[in-house]
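Structure record follows, encoded as structure tokens.
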Amino acid sequence: MPKVRAEKKSRVHKDAVKQGIVFNKDFGQHILKNPLIVTSMLEKAALRPTDVVLEIGPGTGNMTVKILEKVKKVIACEIDPRLVAELQKRVQGTPMQSKLQIMIGDVLKADLPFFDACVANMPYQISSPFVFKLLLHRPFFRCAVLMFQQEFAQRLVAKPGDKLYCRLSVNTQLLARVDMLMKVGKNNFRPPPKVESSVVRIEPRNPPPPINYTEWDGLTRIAFLRKNKTLAAAFKQTTVLTTLEQNYKMHCSLKNIDVPEGFSIKDMVENILAKEDAGSKRARTMDIDDFMNILRAFNEEGIHFR
């Protein structure tokens with residue numbers, strides 16, 4: 001995203017300069033300026049007067065003030081001190097001031113507070129890590145309505161066999177129901193980003209599936225390394241077999257199980273895949289149940305993914 005320069009003639013750039021703010025491309029700053037989209041996002045979040053709402057990257061507060069009108073409290077996370085000052089100025093001396101709490105800093109490094117809902121025009125470069133920080137957060141929140149780069153949003157909702165189906169898709173859908181809400185054109189932002197955007201609604205599965213997420217993530221990482229390859233090919237890689245052998249021997253050590261003489265992790269893995277009729281499967285067409293069955297089969301034999 002180019003820096004805003006005073007000599008540019010467009011109204012968008014003049015506005016930014018007038019405010020004295022040069023938007024920072026390192027923080028992915030694109031301010032949502034269309035009030036109709038803000039209103040629509042808040043409607044989809046179905047906010048309640050008793051809600052505590054988490055907002056990421058509030059910018060100059062266009063969405064923040066609208067949320068404050070509807071809820072008990074907004075916790076806004078902002079990394080840029082200049083925008084924090086703008087936000088504080090905007091609510092100063094109004095009834096909204098006491099309802100707004102600002103967390104200054106990198107949201108990925110912060111402990112998230114309690115909240116009922118999350119609404120945000122996300123800084124796109126932190127989309128993936130933030131989604132998983134959100135979904136692994138406890139206690140559970142009710143829902144999140146988030147704006148992402150369009151292709152990222154499409155990956156979140158992709159189904160097995162879709163072109164964009166990937167590890168992000170299956171990992172997210174394990175932990176949450178994800179729905180595409182609307183597309184948002186680049187001209188709705190100041191300055192316009194280079195990509196189109198989309199809004200999704202994320203609702204955590206509560207209770208969560210009864211599996212160890214770290215292990216699940218380890219399995220899908222191997223399977224999707226080459227999503228068009230068979231699982232048999234994915235598990236033949238030397239680095240994968242070495243890691244699984246170390247994990248298996250650690251498991252045996254902790255359980256006081258003797259590792260058989262002439263033990264071969266390669267043979268063990270091949271036998272598990274054959275038993276589950278999974279060797280010829282490819283990650284791009286596998287659903288959540290397929291991965292759950294394979295994870296269970298490996299775990300039953302003492303092979304873990306960490």
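Side notes on the structure shown:
- Surface analysis of the chain yields an accessible area of 51 Å² per residue, using protein heavy atoms and a 1.4 Å probe.
- Calculated FRET efficiency for the pair Leu36/Leu254, C-beta based, R₀ 51 Å, to 0.05: 0.30
- Nearest-ten-degree value, helix 288-300 long axis tilted from longest Cα axis of the chain: 50
- Partner aspartates and glutamates for Lys194 [C-alpha distance under 17 Å; skip if fewer than 8 residues away on the same chain]: Asp26, Glu151
- In terms of overall dimensions, the chain has a Cα radius of gyration and Dmax of 23.2, 77 angstrom.
- Here region 113-153 is treated as a sphere whose radius is the Kirkwood value from Cα pairs; by Stokes-Einstein at 10 °C and 1.306 mPa s it diffuses with a coefficient of 147 µm²/s.
- Antiparallel content of DSSP bridges confined to the chain, in %, to 5: 50
- Spatially, region 144-206 and region 241-306 are offset by 32 Å when compared through their Cα centroids.
- In this simple spin-label model, placing a label point 7 Å from the Cα along the Cα-to-Cβ direction at both Ile104 and Tyr213 gives a separation of 3.0 nm.
- GNM remark for the chain: springs join alpha carbons under 10 Å apart, and the peak mean-square fluctuation among Ile257, Ile75, Ile31 falls on Ile257.
- Listed residues Val91, Val53, Val170, most fluctuating in the chain (Gaussian network, C-alpha, under 10 Å): Val91
- Gaussian network model of the chain, springs between alpha carbon atoms under 10 Å - residue of Glu55, Glu270, Glu261 with greatest fluctuation: Glu261
- Region 100-253 - percent of accessible surface contributed by carbon and sulfur, probe 1.4 Å: 51
- Residues Ser280, Ser264, Ser197, sorted by accessible area with the largest first, give Ser280, Ser264, Ser197 [1.4 Å probe; ligands and nucleic acids excluded].
- Among residues other than Leu244 with Cβ under 13 Å from its Cβ, the summed charge is 0 (Lys and Arg +1, Asp and Glu -1).
- Taking the alpha carbon gyration tensor of region 130-235, multiplying each eigenvalue by 5 and rooting it gives semi-axes of 26, 20, 10 Å, largest first.
- Relative to the globular-protein estimate of 2.2 N^0.38 Å, the Cα radius of gyration of region 38-143 stands at 0.99.
- Cross-link table Lys33/Lys89; Lys229/Lys275; Lys44/Lys227, entries beyond 30 Å C-alpha to C-alpha: Lys44/Lys227
- Three-way shape call for region 120-177 based on the alpha-carbon gyration tensor, with the a/c threshold at 1.5: oblate
The values are calculated or read from the model by the stated rules, or taken from the named source; none is laboratory data. Quick caveat: nothing in here was measured; it's all calculated off a predicted structure. Note that each Cβ is placed from the backbone with ideal geometry, even for glycine, and that neighbours are counted across all protein chains shown. Keep in mind that these areas ignore ligands, DNA and RNA; they rest on the heavy atoms of the full protein, side chains included. Shrake-Rupley method; radii C 1.70, N 1.55, O 1.52, S 1.80 Å.
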